[in-house]
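In what follows, a single structure is set out as structure tokens and then discussed.
The values are calculated or read from the model by the stated rules, or taken from the named source; none is laboratory data. Note that the structure is predicted; figures quoted are calculated from it, not measured. Using ideal geometry, Cβ is built from the backbone for each residue, glycine included, and neighbour counts are taken over all protein chains shown. Each accessible area value is taken on the protein alone, full model and side chains, heavy atoms only, with ligands, DNA and RNA left out. Shrake-Rupley method; radii C 1.70, N 1.55, O 1.52, S 1.80 Å.
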Amino acid sequence: MTVAQRRGRRIMMTDAERDAYLTEQRTCRVATVSPEGMPHVGALWFVWDGTSVWLYSLTRSLRWAQLRRDPRIGVVVDDGVEYGELRGVELSGEVSFVGESPRTGEDCAELERPERLFAAKYFGLDSMPHDERHAWLRLTPQAVRSWDFRKLPGPG
């Protein structure tokens with residue numbers, strides 16, 4: 001069940017705007033939590049398939065270890081320099097680990113689309129190169145919030 005955004009309806013992106021934005025952006029920030037409750041935030045490349053965020057993460061990372069213990073995650077994709085240009089999307093929920101870890105390229109029907117999208121977006125390739133150091137995380141968000149300050153009335 002996805003939680004609906006209540007505040008900021010005026011600046012909220014439509015579903016089509018959100019999908020286009022998440023498709024074009026290249027970097028997200030991923031927040032995980034330690035066993036002691038301390039946050040850890042790091043940048044990752046990602047793809048959006050219209051339903052889920054797919055994260056290609058190093059398997060020997062603090063992020064990976066924390067998500068193995070606690071799959072709760074927050075992901076933010078944002079941009080803009082001036083106040084009136086700020087826009088972004090926050091997605092949260094629990095990740096699923098998909099495919100082998102680390103990824104070696106074994107057949108996995110569930111990864112066909114995200115790997116095709118990722119290879120094209122970041123490498124300009126038709127198929128995914130595997131380095132045997134990364135693996136896939138899928139976030140099908142339970143909550144999505146968005147903002148686009150360009151929708152606010154300008155001065156004057």
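Data for the structure
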read-out: Selected residue [touching a Gly at 6+ places or on another chain (Cβ under 6 Å) and open to solvent by 50 Å² or more (accessible area, probe 1.4 Å)] from ASP78, ASP15; value: ASP78
read-out: Search result, residues across the stretch 86-143 that are in contact with a His (Cβ under 7 Å, 6 or more places away or on another chain) and open to solvent by 50 Å² or more (accessible area, probe 1.4 Å); value: THR104
read-out: Members of the stretch 115-156 found to be among the hydrophobic types (A, V, I, L, M, F, W, C) and part of a strand (DSSP E or B), listed by number; value: ALA135, TRP136, LEU137, LEU139, ALA143, VAL144, TRP147
read-out: Residue within the stretch 96-115 that is modelled with pLDDT under 95 and of a type in the set (A, V, I, L, M) present; value: no
read-out: Output for the stretch 63-115, where each listed residue is touching a residue at least 24 places away in the same chain (Cβ under 8 Å), farther than 28 Å from GLY37 by Cα and hydrophobic (A, V, I, L, M, F, W, C); value: LEU86, LEU111
read-out: Considering residues of the stretch 21-63 that are of a type in the set (A, V, I, L, M, F, W, C) and more than 20 Å from SER96 (Cβ to Cβ) only, the residue least open to solvent (accessible area, probe 1.4 Å); value: ALA43
read-out: Contacts under 8 angstrom Cβ, first residue in the stretch 10-26 being farther than 15 Å from VAL53 by Cα, partner open to solvent by less than 80 Å² (accessible area, probe 1.4 Å) and part of a helix (DSSP H, G or I), 6 or more apart; value: ARG10/LYS151; ILE11/PHE149; ILE11/LYS151; MET13/TYR21
